[in-house]
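**Q** I'd like to ask you about the structure that follows.
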């Protein structure tokens, strides 16, 4: 007789382990986005063009999208705490390599190594965060994890940019390496090693990805975030050329956007725990409205700022909802599916930016970018409604079949 599988038990005090995971997310989020603020310094110091230096951004995103599932497959036999420790160790080493980089090729290598940690870390950490709490608090736990990335945009990126301008871009990566080392120590000390069983067998992890509902959930994530990135990639020219803000004002508006991101992330987690379906529909609808409205609100500085803030609230308010959606559809083996969700978001980032550039170069121009963004998000909302209707229909059919089975006396 085979022993019954061990069911992960929620922790009595999950906050400290969750905060350690959030600190890891802060370091990784800072490393991902701070490069945008110090790109001219890097280009000047390493004597490359801005467009060549921009490969440090696109290379990172592609690295996350492509390598995250492969790393999960190759490390499937490792206990998840061990995997997180190894990923954060690689993260610290890659940032130290960036500090020592004397030419562009070494820095690009360091960025690609950083990207190896991103998708796999968030995929595994998301599942572990959800297992630390009871089922009715999963989205909250995920929102605590993701809040690290949100706070990185508000505080970490401006701080890293300031350090880069004041002391040199290598000191920015040195600061990230120190934060990563502190997070690594916290993981070793506070993350429980016996939280759950080993990851599901590789065959089951891959098999789950073949389920139509899992693929549909991943497509919903890609569409919703594709709509966001289609506009957010070009938020600076939208605010400067259409709303007539200067560059300094745009920086403060982006800080306000980051505050909205943090607020939305926490609120979205609470709403998803309350009721996932209404939260998904309501937040995605709000996101679509914000994007459509931006074509009009850019005519007024006050309304434009309010719209950008709400865009931050709704864009990251949906993230815990989408993560829980993917996990619920892949509950038998969620590790690879949640990692694929991170990849889907990064692919939508790259595709959204490309589509936005096509819209700008077309006869529609810059002003039409939010309109197309809203359309993409509306497709995501349509798929969400379709998924809910399909699931409702399946449950109704299953219930009728159960009722039709005669009861034996």
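The values are calculated or read from the model by the stated rules, or taken from the named source; none is laboratory data. It should be emphasised that the depicted structure is a prediction, and the values quoted were computed from it without experimental measurement. For neighbour counting, all protein chains shown are included, and Cβ atoms are generated from backbone atoms with ideal geometry for every residue, glycine included.
**Q** Being closer than 17 Å to residue 378 by Cβ and under 19 Å from the mean Cα position of the chain (by Cα) narrows it down to one of 325, 311, 336, so name that one.
**A** Among 325, 311, 336, only 311 is closer than 17 Å to residue 378 by Cβ and under 19 Å from the mean Cα position of the chain (by Cα).
**Q** Return the residues of the range 320-354 that are in a helix (DSSP H, G or I) and either within 16 Å of residue 73 (Cα to Cα) or not assigned by TED's automatic domain parsing to the domain that holds residue 224 (or both); say none if nothing qualifies.
**A** Across the range 320-354, the qualifying residues are 334, 335, 336, 337, 338, 339, 340, 341, 342, 343.
**Q** Please indicate, with yes or no, whether at least one residue in the range 47-61 is assigned to a helix (DSSP H, G or I), closer than 20 Å to residue 146 by Cβ and in contact (Cβ under 8 Å) with a residue 24 or more places away in the chain.
**A** Within the range 47-61, one or more residues are assigned to a helix (DSSP H, G or I), closer than 20 Å to residue 146 by Cβ and in contact (Cβ under 8 Å) with a residue 24 or more places away in the chain.
**Q** Tell me whether the range 287-298 contains one or more residues that are outside any helix (DSSP H, G or I) and at pLDDT below 90.
**A** No, the range 287-298 contains no residue that is outside any helix (DSSP H, G or I) and at pLDDT below 90.
**Q** Let me ask something else. How many residues does the range 219-253 hold that are in contact (Cβ under 8 Å) with a residue 24 or more places away in the chain and surrounded by 16 or more Cβ atoms within 10 Å (Cβ to Cβ)?
**A** 23
**Q** Something else now. If you go through the range 72-96, how many residues are at pLDDT 85 or above and over 20 Å from residue 185 (Cβ atoms)?
**A** So the count comes out to 0.
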